[in-house]
Amino acid sequence: MRIATFNVNGINGRLPVLLRWLEETQPDVVCLQELKASDDRFPAGSIEDAGYGAIWHGQKSWNGVAILAKGREPVETRRGLPGVEDGQSRYIEAAVGGVLIGGLYLPNGNPAPGPKFTAKLEWFRRFRDHAADLLRQDVPVVLAGDYNVMPTELDVYKPERWQKDALFRPEVRAEYAQLLEQGWTDAIRHLHPGERIYTFWDYFRNAWGRDAGLRLDHLLLSPDLKPKLKAAGVDRHVRGWEKASDHAPTWIELKLPPGGRQGL
């Protein structure tokens, strides 16, 4: 099973890029972020024509998340985190092929310090609490999305320039580390422990051409999925397409039995 995450940075404006990538790679499950579209503006027909069922939690500006599944409808289990009623569309969850998929778009948090940074930390803590609850359910889980955090200096080009940014502040990196301490596996870092792998390149200063990137998009696996992880990577070339998002699709390959795990 191939599971991917892709911050599309405006699904309607970049729909040709998304559809081209879906046709090229045929992932089984895709978590999308930053739809920038209200629910009624989600391009469900085009997604269906591409062979994917979808659930989505839209928002007109900045936010919005979705889960796509090839040849089937994701079975929605949750939208929004428990106890969070902030009017923002940042989390959606579904069962697909025997795996529980959590798709997320964590707040940016800039400027830091400040109210937005405080809200980011609070959202992260609630997400971490929910992640712990998922582990207690003893089901296979993938938490995929744009975490808006660079976990280590290996995940950022020239880290000295990012010391004061909310994406690299020690408080945010500590939250991510505590998430991993629950038992989650960072798929990219597990298979590529010493490589500088990026998933985001700014539109300015030829960042993509210089490979001046950041690793913001992560797929975390519950303990029972760790031994089933066979590959992980970034479709970096997509960032170079015309009208591309500033993020590139990030993906994992899991070796699962036909039909996935029963009972979910």
For segment 4-103, diffusion coefficient by Stokes-Einstein and Kirkwood Rh (Cα), 20 °C, 1.002 mPa s, µm²/s:
161 µm²/s
Nearest 20 debye, what's the magnitude of the dipole of the chain about its Cα centre given +1 on Lys and Arg Cβ and -1 on Asp and Glu Cβ?
400 debye
Trypsin sites (Lys or Arg not before Pro) restricted to segment 102-208 and DSSP loop, no more than 13 other C-beta within 10 Å
Lys164, Arg196, Arg205
Under 19 Å from Lys120, Cα to Cα: aspartates and glutamates that are on another chain or at least 8 residues apart
Glu34, Glu85, Asp86, Asp129, Asp146, Asp165, Glu171, Glu175, Asp217
Roughly what % of Cα-Cα distances in segment 96-181 sit above 15 Å, to the whole percent?
60 percent
Provide the percentage of antiparallel DSSP beta bridges, counting only those with both residues in the chain; round to the nearest 5.
80 percent
Shape of segment 110-264, Cα gyration tensor, a/c cut at 1.5:
oblate
Residues of type aspartates and glutamates that Lys158 reaches as a straight line, Cα spacing below 16 Å, ignoring anything fewer than 8 places off in the same chain:
Glu195, Asp202, Asp211
Assertion target for Met1, Met150, ordered by fewest C-beta neighbours within 10 angstrom first, is Met1, Met150
Cβ density ranking, 10 Å radius, fewest first, applied to Glu34, Glu160 yields Glu160, Glu34
Find which of Pro249, Ile101, Leu135 sits farthest along the positive direction of the dipole of the chain, computed with +1 on the beta-carbon of Lys and Arg, -1 on that of Asp and Glu, about the Cα centre.
Pro249
Could you identify which residue out of Glu195, Glu73, Glu253 has the top mean-square fluctuation in a GNM of the chain using Cα springs shorter than 10 Å?
Glu195
Per residue, how much space in cubic angstrom lies within the convex hull of the C-alpha atoms of the chain?
119 Å³
As a test of the formula, what do you get for the chain when each DSSP H run with n ≥ 4 contributes -39,500 (n - 2.57) and the sum is divided by the residue count, at 222 nm and rounded to the nearest 500 deg cm²/dmol?
-6500 deg cm²/dmol
Cα to Cα, under 17 Å, and not fewer than 8 places away if on the same chain: which lysines meet these conditions relative to Lys230?
Lys255
What order do you get for Ser245, Ser61, Ser222, Ser46 when you list them from fewest to most C-beta neighbours inside 10 Å?
Ser61, Ser46, Ser222, Ser245
Cα Rg, Dmax (largest Cα-Cα span) when computed across segment 55-104, Å:
11.1, 33
Ratio of Rg to Rh over segment 27-158 (Cα coordinates, Kirkwood Rh, two decimals):
0.98
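Every number here is computed from the coordinates shown, using simple stated rules; none is lab data. Please read all numbers here as calculations on a predicted model, not as lab measurements. Counting neighbours? That spans all protein chains shown, and the Cβs are built from the backbone with ideal geometry, glycine included.
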